[in-house]
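The next block holds one structure in the form of structure tokens; read it before the comments.
The values are calculated or read from the model by the stated rules, or taken from the named source; none is laboratory data. If you're wondering where the values come from, they're calculated on a predicted model, not measured in any experiment. Every residue, glycine among them, receives a Cβ derived from its backbone with ideal geometry; neighbour counts consider all protein chains shown.
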Amino acid sequence: MKFDYLITGAGIAGCVLAERLASQLNKKVIVIDKREHIGGNCYDYYNSAGVLIHKYGPHYFRTNLKHVFDYLSNFTDWHYVYYRVKAMVDGKLLPIPINLDTVNELYGYDFSSNELKKFFKINMVRVDEIKNSEEAIVSKIGRELFEKIYKAYTLKQWGVEPKELDVSVCERIPVRTNRDDRYFTDKYQAMPKYGYHKMFENMLKHPNVHIMLKTNYKEIKDDIRCKKHIYTGPIDEYFDYIYGRLPYRSLRFEHETLDVEFYQPVSQVNYPYDYDFTRVVESKHITGQKHHKTTIIREYPSDEGEPYYPVPAAKSRTIYERYRRKAERLKDVHFIGRLAEYKYLNMDQVVDRALRLFEALHVMEDDGKLNVFPGVSDGY
Ligand SMILES: Cc1cc2nc3c(=O)[nH]c(=O)nc-3n(C[C@H](O)[C@H](O)[C@H](O)COP(=O)(O)OP(=O)(O)OC[C@H]3O[C@@H](n4cnc5c(N)ncnc54)[C@H](O)[C@@H]3O)c2cc1C
């Protein structure tokens, strides 16, 4: 069979591009993935007890980008839901992100919003130039709350002290002075009604799309003839690690199915101090599934294993820059997604980037010139 495009990786980036190229430009597309399923890290499935769970950590879909929400709505109905998270601190389950109730419940206060604003103002640490994650947080909420709620959690999650972590990791941590206990405040917050996997199946259901699972690009690259390539795997692996390996933080998941309808009050409970795991996730709260049993997943961060979180630090940025410059010179290979761009990206950001790459490829198909690399300008 002859194909116009090879797409490495059947994650959300690969699915969007396969769908667009096949349905809008009538291109023949082959999508390969080394895993045994489509959907990349957003993959979900029904386990042996019949509970719908997220294999690679909880995926809360939310966005402010209407065009992204509208685009995905072509392939799924939605279960509308606000996500809620709590943290176990000093034996109390407190709302996260920090809001009025978090502070009142933690200290036994009865602050109003204005009083809480004053409390933050008195306690915040003045920092002239914020250089790391610790400073990013203490400059908002002060040292004591930072130590109670964020310090140990961040250390567990990343394996280094927050003061050694790049500012970008914690700079956007929200702090509220009202009682809003939603985890996110985006305009659109919803889960695919029949799960992510079903949504991706619908996207790839096109006669022009051919899928090959359990297929590693490295093993087939010399056998496959396809002029154009969209690559969503790790960029350092593509270039055989010539400039060294890019570091990632990984996770280990421990599943437990229980004979109760619900185990905890919200979808996610963080454990900053106790235990070796960072959080316990119960997906039934977000999928809306009715089931007399439930499955909880404990997450253990680790340096070994599948690449999950790129590590934002000066050293890794320098290595990535070298790969990026090399990738930029390849005319018919386009690097997109969290592994190829070595960047933590939410699902909606990836969809947005994939749609923009598609628009650029469309132009390229017309004039045969443009070489696109999303990491360069973000603006094509
Ligand atoms: C624990 C965790 C929780 C998250 N939670 C959220 C959330 O709540 N909300 C949100 O918006 N985002 C969340 N994200 C981010 C989300 O997972 C990403 O935005 C999304 O998965 C990126 O899609 P992608 O297509 O770029 O990459 P991926 O989903 O990683 O897909 C890349 C695919 O390429 C395949 N591949 C790699 N190398 C090769 C090769 N050599 N040959 C063949 N195939 C290959 C991989 O197997 C994979 O399937 C979370 C991420 C993590 C790690």
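Structure above, values below:
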| item | result |
| --- | --- |
| Within the stretch 134-211, helices (runs of 4 or more DSSP H) holding 2 or more residues that are modelled with pLDDT of 95 or more, closer than 25 Å to Arg20 by Cβ and in contact with a Pro (Cβ under 8 Å, 6 or more places away or on another chain) | 196-204 |
| Any hit, the stretch 191-198, residues being away from the ligand (no atom under 15 Å from the Cβ), within 30 Å of Gly14 (Cβ to Cβ) and out of contact with any Phe, Trp or Tyr (no Cβ under 9 Å at 6 or more places or on another chain) | yes |
| Of residues in the stretch 217-236 being outside any loop (DSSP other than H, G, I, E, B) and within 13 Å of Ile319 (Cβ to Cβ), the one farthest from the chain's Cα centre (by Cα) | Asp236 |
| Criterion: crowded, with 21+ Cβ neighbours inside 10 Å and under 21 Å from the mean Cα position of the chain (by Cα) - qualifying residue of Val29, Val68 | Val68 |
| Pairs, first closer than 18 Å to Arg252 by Cβ and in a loop (DSSP other than H, G, I, E, B) in the stretch 31-59, second near the ligand (Cβ under 6 Å from one of its atoms) and of a type in the set (Lys, Arg), C-beta under 9 Å, six or more apart | Tyr43/Arg35 |
| Residues (of a type outside the set (A, V, I, L, M, F, W, C), near the ligand (Cβ under 10 Å from one of its atoms) and either in contact with a Cys (Cβ under 9 Å, 6 or more places away or on another chain) or modelled with pLDDT of 95 or more (or both)) located in the stretch 344-371 | Asn346, Asp348, Gln349, Arg353 |
| The lone exception for Tyr183 - which of (1) within 30 Å of Val29 (Cβ to Cβ); (2) in contact with a strand residue (DSSP E or B) (Cβ under 6 Å, 6 or more places away or on another chain); (3) buried (at least 16 other Cβ atoms within 10 Å of the Cβ) it fails | (1) |
